[in-house]
4 protein chains.
Amino acid sequence: MSLLGAQIVRVGHGTCEIEVPFRDEITQQQRYFHGAIGDSAGGYAALTLAPPDREVLAVEYKVNFLAPAWGERLVARGEIITAGGRLIVCKAEVVAISAEGEETYCAALQQTVATTPAEA
Amino acid sequence: MSLLGAQIVRVGHGTCEIEVPFRDEITQQQRYFHGAIGDSAGGYAALTLAPPDREVLAVEYKVNFLAPAWGERLVARGEIITAGGRLIVCKAEVVAISAEGEETYCAALQQTVATTPAEA
Amino acid sequence: MSLLGAQIVRVGHGTCEIEVPFRDEITQQQRYFHGAIGDSAGGYAALTLAPPDREVLAVEYKVNFLAPAWGERLVARGEIITAGGRLIVCKAEVVAISAEGEETYCAALQQTVATTPAEA
Amino acid sequence: MSLLGAQIVRVGHGTCEIEVPFRDEITQQQRYFHGAIGDSAGGYAALTLAPPDREVLAVEYKVNFLAPAWGERLVARGEIITAGGRLIVCKAEVVAISAEGEETYCAALQQTVATTPAEA
């Protein structure tokens, strides 16, 4: 996630939160960032529940763009819906957070992740 | 919803719950029922927040099939994610409920609904 | 597909066409029929390319509703986008065909199908 | 699209093709680029059919990741499925093209775009 300047700020059992500070590229290319960090947050959430000998591979996602993002930080919160051995279904929300801590709901994702044998 | 034998059993501000008793058609055509009642639950949830002079029109949905449904009843719970004047974004979950009240999460939907002027 | 009165009318290498004659239920419940037969057409198209010892299982689909359906027949045409050993991605279109043969494009689907070991 | 180094290389009536030369960021962040340029190609395709006094606004998209991208260029081809006055439905494919001109199908998108009054 180097391009985005994004960081994983919280990881739980089946959850992941990614944060990226606002900068001009985000304002100019909101949809890209919303899709990208939402997808990443869901993917990492999936990874927390993948069997230890398996990696995760994005199969597909669907994203709704809800509102323009303005604020201090963009935060994506990924969460598992169900986890099977081979397929994991996740959701993610992307919010913009102002300096005062007020959140704007910017994007909602639902995605499918496959697990594959980890390479040695 | 006459074909499905489905009934709206609960309606709130931006929420709707639809229930259909199990029968052979549901077992044989699970995907069809899961998509249909999930889509309906989200659509009716959207209708609760549509402006009074407007109707709702399904634009699109995405559904993940999570598990086969076995049980006594199939229940879909729709909920608004965000509601604008012209577009409403919803989610819905479909669960099968056993005679003992145990729930199996069968399908997850995310959908977009448009509002249109109500016909006189 | 007994409930729908639908029939597979054409099957090719990675393609499938399903047809259902119009009747009142279709007019009243268009979205259900559009989603259901589109999903079926894609699923059967996937089945034509699944390895012989494997079955197909619907993972998810996304459907856009494009226009109301009026006509003599509703036809869904499923087609493979790409087929891997474990996951197959398909698209499907649903059209209403009038007595004069004119087509109205009613729904567009994109879906993911998994292959699983066939039961003996 | 400055961040991506992407360029519109072809525009038609309801179609748009966007190209981005390969570089390390694309290899490292394939999903991000696939979603982003596919979404853009569909959005610009929609813009070619939007009424002259209206702009386009992304509502949602769904993307399937089909194969890793390796090559010389990444190309996204967007195309209108149906265009109404207020909503336009598009599809897009993303392919990686090798120096020898061989194409790998990397991603398939289906998306919804709304038209809104253009700002003066």
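A short reminder: the numbers here are calculations on the coordinates, not readings from a lab. Since this is a predicted model, take the numbers as computed values, not measurements. Virtual Cβ from ideal backbone geometry, glycine too; neighbours counted across all protein chains shown.
Numbers at a glance
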| read-out | value |
| --- | --- |
| Nm distances between copies for A:Val11, ranked from closest, using label points 7 Å along Cα→Cβ | 4.4, 4.6, 4.7 |
| Peptide B:23-33 - average C-beta neighbours from other chains (10 Å radius) | 3 |
| Residues whose placed amide H lies under 5 Å from that of B:Phe22, excluding near-sequence neighbours | B:Arg73, B:Leu74 |
| Radius 13 Å from Cβ of C:Cys106, net charge of other residues (Lys, Arg +1; Asp, Glu -1) | -1 |
| At 7 Å out from Cα toward Cβ: C:Ala67 inter-copy label distances (nm, ascending) | 3.4, 3.7, 4.2 |
| Within chain D, helix-based [θ] at 222 nm, where runs of 4 or more DSSP H residues each add -39,500 (n - 2.57), nearest 500 | -6000 deg cm²/dmol |
| Cα-based Lys proximity count in the protein assembly as shown, under 14 Å, for pairs eight or more positions apart or on separate chains | 20 |
| Amide H contacts under 5 Å for B:Leu66, placed H, 5+ residues apart | B:Ala107, B:Ala108 |
| Gyration tensor verdict on the protein assembly as shown (Cα atoms; rounded if a/c is under 1.5, prolate if a/b is larger than b/c, oblate otherwise) | rounded |
| Inter-label distance, nm, simple model (7 Å from Cα along the C-beta direction), B:Glu55/D:Glu103 | 4.1 nm |
| Other-copy label distances relative to C:Arg86, 7 angstrom Cα-Cβ extension, nm | 0.7, 4.3, 4.3 |
| Length-normalised contact order of chain B in % [C-alpha pairs under 8 Å, at least 6 apart] | 28 percent |
| Distant-in-sequence amide H partners of A:Gly14 (H built 1.01 Å from N, under 5 Å) | A:Thr48, A:Leu49 |
| Rounded if a/c under 1.5, otherwise prolate or oblate - chain C, Cα gyration tensor axes | prolate |
| HN-Hα J in Hz across the range C:24-32 - Karplus 6.51, -1.76, 1.60, θ = phi - 60°, x for Gly and Pro | 4, 4, 5, 4, 6, 10, 4, 4, 5 |
| Average other protein chain Cβ within 10 Å of Cβ, residues B:101-110 | 3 |
| Local electrostatic count, C:Pro21, Cβ distance below 10 Å [Lys/Arg +1, Asp/Glu -1] | 0 |
| Net +/- balance of residues flanking D:Ala69 in space, Cβ distance below 11 Å, scoring K and R +1, D and E -1 | 0 |
| Residues B:Tyr105, D:Tyr32, A:Tyr61 arranged by fewest to most Cβ contacts within 10 Å | B:Tyr105, D:Tyr32, A:Tyr61 |
